[in-house]
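Asks: Before I ask anything, here is the structure I am working with.
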Amino acid sequence: MDSLTFIGTATTLIRLGSFTLLTDPNFLSRGQRAYLGKGLWSRRLTDPACRVDELPSLDAVVLSHLHGDHFDRVARKGLDRRPPVVTTQAAARRLSTWGFTAEGLEPWHERLFTRGNETLRIEALPAIHARGVMGRVLPPVIGSLLEHRVGDDVRRRVLLSGDTLSGDHVDQIRLRHPDVGTAVVHLGGTRVLFHTVTMDGRQGTDYLRRLRPARALAVHYDDYRVFRSPIEEWVGHAAEAGFGSTTYVPSRGETVALDG
């Protein structure tokens, strides 16, 4: 069964055919602090649904960007360094110095994995972590499209938003990919130095209007103190906009079938 298991923050295990992927590995425990750069920290409010040493064998890690709530010191110490980490070019350079096999992608570039007659294509997508001065301070970020094929048939398209705001770049994604099955949407309305740097309820709903996925799953919404937009805001705004039947908020540890 193709599935997504929500571990916490933006950390998920995604199984597509014979491929197993880990996204944005954050395995800090409740009470530990994540380093956000420029001397900023945030304390974790939750525990991950599993430990890093409980992970299955991985084919790849998909990392939207190098922030302490997406790749932490526990992941750095405990992850197997052999599976490639597909990420931004800036993050790949740093991960390589730590001994990881890392490949940096610019938006619209891709990495292919093959096994028998199966192909997994990971395409980097544009994302905007913040605008203005804050956008120049924060590390670059990408979203990702995961496309699984068996032979010539596309079996699944899963989109990972990454830590992004909504905007015109989402329109560009839809023009290229009008048939996204499941979108995994990073929410939380993260506030850093009075700037919103991830989607809140309204932005997350605008993202759905622009992208029009068959289904959307919420992640990255209540794990840190800097997350200021309760998940109920997104649920409410999405329902008002007509997306109530296509949105879902998985619980930590829950496995969700990927049907789209």
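Taken together, the values in this text are just the output of simple stated rules run on the coordinates, not laboratory data. Fair warning: this is a prediction, and the values are worked out from it, not measured in the lab. FYI the Cβ positions are ideal-geometry reconstructions off the backbone, even for glycines, and counts take in every protein chain you see.
Asks: With N denoting the number of residues in segment 176-222, provide Rg(C-alpha) divided by 2.2 N^0.38 Å, to two decimal places.
Replies: Taking N as the residue count of segment 176-222, the ratio is 1.22.
Asks: So, one more: Scale the Cα Rg of segment 45-98 by the rule-of-thumb value 2.2 N^0.38 Å and send over the ratio, two decimals.
Replies: 1.13
Asks: If you don't mind, another one. Quick one: ASP168, ASP200, fewest Cβ neighbours within 10 Å first, how do they rank?
Replies: Starting with the residue having the fewest Cβ neighbours, the order is ASP168, ASP200.
Asks: Using only C-alpha atoms and all pairs of different ones, pull out the Kirkwood radius for the chain in Å with one decimal.
Replies: Taking every pair of different Cα atoms in the chain, averaging 1/r and inverting gives 18.0 Å.
Asks: If you plug each phi of segment 94-109 into the Karplus form 6.51 cos²θ - 1.76 cosθ + 1.60 with θ = phi - 60°, what whole-Hz ³J(HN,Hα) values come out, in order, with x for Gly and Pro?
Replies: Whole-Hz 3J(HN,Hα) from phi for segment 94-109: 5, 4, 5, 5, 8, x, 8, 7, 10, 10, x, 10, 8, x, 6, 8.
Asks: If you don't mind, there's one more thing I want to ask. Which of ALA102, ALA49, ALA127 moves most in a GNM of the chain, Cα contacts under 10 Å?
Replies: It is ALA49.
Asks: Per q in 0.18, 0.21, 0.23 Å⁻¹, report the Debye log10 I(q)/I(0) for segment 165-260, using one uniform scatterer on each alpha carbon and no solvent.
Replies: The Cα Debye sum returns log10 ratios of -0.80, -1.06, -1.22.
Asks: Still on this model: Looking at the chain as a GNM with Cα springs under 10 Å, which of GLY143, GLY201, GLY162 has the largest mean-square fluctuation?
Replies: GLY201
Asks: Further, regarding this structure: Return the ratio Rg/(2.2 N^0.38 Å) for segment 1-114, where Rg is computed over Cα atoms only.
Replies: Cα-based Rg divided by the globular estimate yields 1.03.
Asks: Can you give the % of DSSP beta bridges in segment 1-141 that are antiparallel, to the nearest 5?
Replies: If we restrict to bridges inside segment 1-141, about 70 percent are antiparallel.
Asks: Still on this structure, please answer the following. Quick one: putting +1 on the C-beta of Lys and Arg, -1 on the C-beta of Asp and Glu, what dipole do you get for segment 24-156 around its Cα centre, in Debye to the nearest 20?
Replies: With only Lys, Arg, Asp and Glu charged at Cβ, the dipole is about 700 debye.
Asks: A further question on this structure: Could you tell me whether segment 62-126 comes out rounded, prolate or oblate from its Cα gyration tensor? Rule is a ≥ b ≥ c as square roots of the eigenvalues, rounded for a/c under 1.5, then prolate if a/b exceeds b/c, otherwise oblate.
Replies: Taking the square roots of the gyration eigenvalues as a ≥ b ≥ c, segment 62-126 is oblate.
Asks: Report the antiparallel proportion of the DSSP beta bridges in the chain as a percent, rounded to a multiple of 5.
Replies: Once the DSSP bridges in the chain are tallied, antiparallel ones form about 70 percent.
Asks: Under the rule of -39500 (n - 2.57) per DSSP H run of 4 or more residues, summed and divided by the residues of the chain, what mean residue ellipticity at 222 nm is obtained, to the nearest 500 deg cm²/dmol?
Replies: After summing the helix terms and dividing by the residues of the chain, the value is -5500 deg cm²/dmol.
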